[in-house]
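A short write-up of the structure that comes next.
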Amino acid sequence: MKNWMKPLIGISASAVLLAGCGKDTTDQAAKGTPASEQEVAIKFMLWNDSASERMYDELAQAFEAKNPGLTVDFTKSDANTYSERLTVTLTGGGEVDAFAFKSLDEYYKLASSGRALALDDYAAANSAGLAGVESSLDNLKINDKLYGLPFRSDGWALYYNKNLFDKAGVAYPGDDLTWEQYLELAKQMTSGSGQDKIYGSFMPDWAQTWYSYGQQLGASLYSEDLTPYIEGLKLRKELSDSGAQPSIAENKATNAHYRTAFLTGKYAMVVTGTWFPGMLEQDKKDSKLNFDWGMTYVPHPPEVKKGTTMTAVVVHAVSSDSKHQEEAKKWIGFISSEEGQQIVAKYQTPASAADSVKDQYKAAFTNDAVNLDAIFNITSVPERELRKGITQMNTIVTEEGELALLGESTPEKAIENIKKRRDQEIQ
Amino acid sequence: MGQLLGHAVPKSLSHLFMILISLIMIVPFLWMLSTSFKLQEEVFQYPIQWIPQVFHFENYVEVWTSIPFPLYYFNSLKVSVLVTLGQLITCSLAGYAFARLDFPGKNRLFIMYFAAFMIPYQVIMIPQYFVIKKLGLVDSHWALILLEIFSPYGVFLMRQFLSGISKELSEAARIDGCNEFGIFARIILPLAKPALATLGIFAFSWVWNDFQAPLIYLTSDSLKTLPLGLASLNGEFTSQTQLVMAGTVLSLIPVVTVFLFFQRYFISGITAGSVKG
Amino acid sequence: MSSLNKSVPAAQGASLAKGREPSLWQRMMHPQARTAYLFLLPNLLGFLLFIAVPSVMALGLGFTEWDGYNPVKWTGLSNYVRLMQDENFRIALQNTLLYTFGSCLLVIIASLSLALLVNQKMKGMSLYRAAFFFPHIASFIAVAVVWQAIFNPTLGPLNMFLGKFMDHPPGWLISSDWALFSIILVSAWKMAGYYMLLFLAGLQGISKELYEAANIDGANILQRFRNITLPMLSPVTFFVIITCIINLFKSFDLVYVMTGGGPGRSTKLLVYDIFVQSFRNSAFGYASAEAIVLFLIVLAITYVQFKGEKRWVNY
């Protein structure tokens, strides 16, 4: 047995030695060395879902063809735990040049602490190429500095199952529904029980589905007066309490997801993001979709005009510790340029509203159901406000909203608690 | 209970009882198994249908072909076996020193081990990443192996068990001219088989199911372990529970095998291996 | 830590130079000590590098403010002042204590009973043991989905069954009043098999002669259990209680995959809150401070247990 002990002791000993001589933290400080003529591999970190994997492959191909000597090296990570992975990698000094932010929470948190590079100069120097996404750049500034380039932009929309409406003899949802009208329509479309149950509505369990009401009215979760949010929470609660939409409890117990739910053909309407048409297109190709669907503007409070919707962009950024900053900027800049956006448009909702991009987007669909107005011709309000406490706010609205929806608290009480906790926890 | 109960209970009755409890313990596994053969729309039908109307074996085919199962099996097996061996060796050696040898600083060292055992993993994740990165081991199986081998829990467990073995055995061997390592390897370890089996099973099943460490350290597809593969199934087949369950069933087979292998060390009628503190 | 208090026996000192206290170096170079260090070495080196050093680094952060990137800012005790007023922390601590002691009690009763059951010679015993141990080897993700289906408040098998006896069976995972209890049940179910193995290893060390002697004296089952099994098993029981409590205090996975701390904050455990503070909010210093408090609580509980060890543990 002594024989196998030796290598182990050897390993442990050399490990300690390695650690002892590894105090050269300065090597990371050599940032942004100028691009040499050699091959440079840009390490790019992203989360994988099937749609974006193909998109990135095509983007990399086009980019590499245009920039000889540059290659893109992907580090893919599981979608559900991407945030943690990204945080550990960036905090522990892992080697990554550029990356995608899965949410604006992450963007604010990591960029505001300096882990992403400011891109103002790059954006100014390449304003022509970035014209299509320029309108969203201002909203991405943190303390007047830009840290990310948008490549996707999603708002919210209403999707419906035409067959169910035809069968019920009810007119399709119009493009100017208020939330209250949506509730009534959902109730009207609900019928049956057991295996034959048809639900009028499916919304994800996310807090956005109720705080949208306040955002659409132009309110802020950080302001003194949170009353605009009460009505939204009330309507959302009424929706599941009335049985027109499965409750959070049921959704949790059945692991429910809007996509699989809609495909069962037992839900008349779904409210979710504008990435949904892309999913449905894929499902159609896989012949999992066996009914006609339509889409229109997301419902809104009566005070604002139709087409007012929350939007959120998805951004790429360059790591402050990158050794190939210029190349990394070039890569993410390419994705946000008109050429890159045309590729993005084949798979996802692009951030650019340029006509060529919109055409490309439309062309990716094999049916007419996709409604370009509901995607591009909209009045945007922010889904998340980029400011200190953005992650805490997310936790607070989720926890308190959930209690109200489960009937353990009232909407009024929930909003009151949100305000109280916000003032305590966000400093 | 054999000795405790004597022959108070007839065998058939105890079998019935055992089967009943077994059922309670494996109900979720039965659900998993039955779900793995269902169609998606059948998965959450209530009341639960325990035996699917039609067995859809194609779920297994789909899962097997959508991720490289053999590769993930191999990677998981490699890491789990190395960690298990490493723990059995280093923890029993250290446990032996703590339990049966005297040396200056013993108390302090042991308290240090114990204190480390109390710190939750989530807290030391980032500092550990620093260390692994300094050693240049990010994206290698060594990261997973080295982080798991030197388990304070394993040392504590071995110390407890080994200190229960009678000291006279060692004394007798010493008089016969055995050196300390000989005593450890030839006399004490064979008596500690149940403890080694317990630690072995624990280490193996822990590493086999570990999701966090591979998630953080592995980036190359060729290095990924099964839990990462299952997670990607989860991502790919959003709420297609039946496929995820089929993958889970496939992933459980090796752990059950390992358990059945180790567990025979519990029946060999060892009498000296009692635990003492 | 009673058995440790006799580290260097007197005899050893006497065998060294006469009349003089041996120096530390001399004691460390004593043959037995040298052997001991050699035995410790492989584990100790790895332990220091991969566990002890990171732990010290992490705990040190508890006195600082750190966002994970910018220079660490020394803040002394201000994290702890903030913790005292933090409602999330108070709720998490309360939940953690309830969860730990509830689960621990259930786990010990269940695992000891199971161990007694499987410590007999019977056909198919290895299969029964495997069945009882099964929950321990199943992955958390799989377990979470299954239990969510079982706990389904309206249609799940559990409430279908309970519905026959009561009008309003509990809402389990989706009720603030029951969620923590549900998590306790699942964790006991998951851990019992493992601790059963520990008890089993202990039970197999009890000599048969003791039971035979008791049989001759005419002791009944209960008497044998109380007077032989329990005392002879007390070292294992001690080990099980200590490790079980520590492991439960460190619980994270079950809550992470099953409830995410909800509904509301009803299943928010300390380690989950630590995770949220560090990974979601990037408040690494604050999270470390929470970890230190958790550490001190566990330390205190463990210390009390070691102090009380002599009173009920037989060696």
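Values in this text are rule-based calculations from the coordinates and carry no lab data. Since the model is a prediction, treat every value here as computed from it, not as a measurement. Because the Cβ atoms are built from the backbone with ideal geometry, glycine has one as well, and the counts that use them run over all protein chains shown.
Antiparallel beta bridges, as assigned by DSSP with both residues in the protein assembly as shown, represent about 55 percent of the total such bridges.
For the protein assembly as shown, a crude dipole built from +1 on the beta carbon of Lys and Arg and -1 on the beta carbon of Asp and Glu, taken about the Cα centre, is about 4880 debye to the nearest 20.
Put simply, the C-alpha atoms of the range A:358-427 give a gyration tensor, and the ellipsoid matching it has half-axes of 37, 17, 10 Å, longest first. For chain C, modelled as a GNM whose springs connect Cα atoms under 10 angstrom apart, the maximal fluctuation among C:Y128, C:Y211, C:Y69 occurs at C:Y69. Taking label points 7 Å from Cα along the Cα-to-Cβ direction, C:V72 and A:D359 give a separation of 5.8 nm.
Just so you know, the averaged projected area of the alpha carbon convex hull for the protein assembly as shown sits at 44.5 nm².
In terms of other Cβ atoms within 10 Å, B:K106, C:K123, B:K224 run from fewest to most in the order C:K123, B:K106, B:K224. Put simply, the amide H of C:E65, placed in the peptide plane, has neighbours under 5 Å in C:K73, C:W74, C:T75, leaving out anything fewer than 5 places away on its chain. Annotation: the residues C:E65, C:E21, sorted from fewest to most other C-beta atoms within 10 Å of their own C-beta, follow the order C:E21, C:E65. For A:L70, the residues whose amide H sits under 5 Å from its own are A:V40, ignoring neighbours fewer than 5 places away on the same chain, with H placed 1.01 Å from N. For A:T308, nonlocal amide neighbours, meaning residues 5 or more places apart or on other chains whose placed amide H falls under 5 Å from its own, are A:T379. Note on the range A:291-427: semi-axes of the ellipsoid equivalent to its C-alpha gyration tensor, largest first and rounded to whole Å, are 34, 26, 12. For A:S191 and A:K288, a Förster radius of 22 Å and the Cβ-Cβ distance give a FRET efficiency of 0.40, rounded to the nearest 0.05. Once the Cα atoms are used to define both axes, helix B:152-162 deviates from the longest principal axis of chain B by about 50 degrees.
Between the helical axis of A:50-66 and the longest alpha-carbon principal axis of chain A there is an angle of about 50 degrees.
Relative to the dominant Cα principal axis of chain A, helix A:227-241 is inclined by about 70°. Counting lysine pairs in chain C that sit 8 or more residues apart in sequence, or on different chains, and whose Cα atoms lie under 20 Å apart gives 6.
Inter-label distance, C:M160 to A:A124: 6.8 nm, where each label sits 7 Å from its Cα along the C-beta direction. Between B:L20, B:L250, B:L135, the GNM of chain B built on Cα springs shorter than 10 angstrom shows B:L20 fluctuating the most. With one equal scatterer per alpha carbon and no solvent term, the Debye-computed log10 I(q)/I(0) for the range C:84-312 at 0.09, 0.12 1/Å reads -0.47, -0.79. Placing +1 on the Cβ of every Lys and Arg and -1 on the Cβ of every Asp and Glu, with nothing else charged, gives the range B:1-143 a dipole about its Cα centre of roughly 760 debye.
Under a Gaussian network description of chain C, with springs only between Cα atoms under 10 Å, the residue in C:L210, C:L180, C:L114 that fluctuates furthest is C:L210. Phi angles across the range A:147-158 convert, under the Karplus curve 6.51 cos²θ - 1.76 cosθ + 1.60 with θ = phi - 60°, into 3J(HN,Hα) values of 10, x, 10, x, 10, 10, 9, 10, x, 10, 8, 10 Hz, Gly and Pro given as x. How would the range A:50-152 be classified by its alpha-carbon gyration tensor: rounded, prolate or oblate, with rounded meaning a/c under 1.5 and the a/b versus b/c comparison settling the rest? The shape class here is oblate. What is the Cα centroid distance between the range A:396-416 and the range A:205-258, reported in whole angstrom? Their Cα centres are 10 Å away from one another. Label-to-label distance, C:L296 versus C:K121, with points set 7 angstrom from Cα along the beta-carbon direction: 5.6 nm.
Applying the Karplus relation 6.51 cos²θ - 1.76 cosθ + 1.60 with θ = phi - 60° to the range C:22-28 yields 3J(HN,Hα) values of x, 6, 4, 4, 4, 5, 5 Hz, where x marks Gly and Pro.
In order along the range C:37-46, phi translates into HN-Hα couplings of 5, 5, 5, 6, 3, x, 6, 4, 4, x Hz, rounded to whole numbers, per the Karplus curve 6.51 cos²θ - 1.76 cosθ + 1.60 with θ = phi - 60° and x for Gly and Pro.
If you plug the beta carbon distance of A:E425 and C:K307 into 1/(1 + (r/R0)^6) with R0 = 51 Å, you get a FRET efficiency near 0.85.
Which one of B:I119, B:G164, B:I175 is farthest out on the positive end of the charge dipole of the range B:118-236, using unit charges on Cβ (Lys, Arg +1; Asp, Glu -1) and the Cα centre as origin? So the residue furthest toward the plus end is B:I175. Taking the range C:114-128 and a reference point 7 angstrom along Cα→Cβ of B:L13, the backbone N atoms nearer than 16 Å belong to C:117. Dipole magnitude for the range C:84-312: computed about the Cα centre from +1 point charges on Lys and Arg Cβ and -1 point charges on Asp and Glu Cβ, it is near 440 debye. When the C-alpha to C-alpha distance is required to be over 26 Å, the pairs from A:K162/A:K284; A:K187/A:K306; A:K237/B:K38; A:K109/A:K237; A:K76/A:K266 that qualify are A:K237/B:K38; A:K109/A:K237; A:K76/A:K266. Considering only beta bridges that DSSP places wholly inside chain A, some 55 percent are antiparallel. Over the C-alpha atoms of chain A, the Rg to Rh ratio, Rh being the Kirkwood estimate, stands at 1.02. With N counted as the residues of the range B:62-276, its alpha-carbon radius of gyration over 2.2 N^0.38 Å works out to 1.18. Taking the number of Cβ atoms within 10 Å of each Cβ as an exposure proxy, the fewest-first ranking of A:V88, A:V357 is A:V88, A:V357.
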